[in-house]
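Take a look at the structure below.
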Amino acid sequence: DALSVQEANLSMMRRLHVPEGVLLDVQSNLATTYASLGRHERALQIKRDVYSGRLKLLGEEHESTLRAANNYASSLKDLSRFEEVKSLSRKVVPVARRILGDSNDATLRMRSMYAEALCRADGATLDD
């Protein structure tokens, strides 16, 4: 099955000492598979690790880091962890707007997710 193949692939890549960026790509694919199987908590853990890895490897202003942040926020949203989506979005959306531009698809997706988190969070107020 797809999950066991991707887990074996990640294990092999680690043994071969492939570059960190390649490992993060493989991990991201694995997280997508976990999510598609309904294992959202595991997908979230991996997406958090990928985002953290991208931050360390590329910095907060790199497009791949912003994409990883968006994937991480999406998993948080899927688990109704809206306060965490808000916190992450407050950091990432301004960077995305500055680096990618206001009309960029990724920026718009991030802003949409932030808006949804603002609306759906418990105790949301107009001050948010």
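Which value in deg cm²/dmol, rounded to the nearest 500, describes the helix-derived mean residue ellipticity at 222 nm for the chain, given -39,500 (n - 2.57) per DSSP H run of n ≥ 4 and division by the residue count?
-26500 deg cm²/dmol
Would you mind putting 71-83, 14-26 in packing order, based on average other-beta-carbon counts within 10 Å, highest first?
Averaged packing, sorted descending, gives the order 71-83, 14-26.
Identify all aspartates and glutamates with a Cα-Cα distance to K86 below 15 Å; exclude those on the same chain that are fewer than 8 residues away in sequence.
Partners found: D78, E116, D122, D127, D128.
Please list, short to long, the whole-number percent of alpha-carbon pairs of the chain in consecutive 10 angstrom bins beginning at zero.
13, 39, 33, 13, 2, 0
With +1 on each Lys and Arg Cβ and -1 on each Asp and Glu Cβ, how big is the dipole of the chain about its Cα centre, in debye rounded to the nearest 20?
Here the size comes out at about 160 debye.
What's the FRET efficiency of R98 with C119 using the Cβ-Cβ distance as r and R₀ = 25 Å, to the nearest 0.05?
0.50
With a 1.4 Å probe and all protein chains left in place, how much accessible area per residue does the chain have, in Å²?
It amounts to 58 Å² per residue over the chain.
Would you mind calculating the gained length between E20 and R90 on full extension (0.36 nm times residue separation, minus the Cα-Cα distance), in nm to one decimal?
22.5 nm
The values are calculated or read from the model by the stated rules, or taken from the named source; none is laboratory data. These numbers were taken from a predicted model, which means no experiment stands behind them. Please note: Cβ atoms are built from the backbone with ideal geometry, for glycine as well, and neighbour counts cover all protein chains shown. All accessible areas refer to the heavy atoms of the entire protein, side chains included, with ligands and DNA or RNA removed. Shrake-Rupley method; radii C 1.70, N 1.55, O 1.52, S 1.80 Å.
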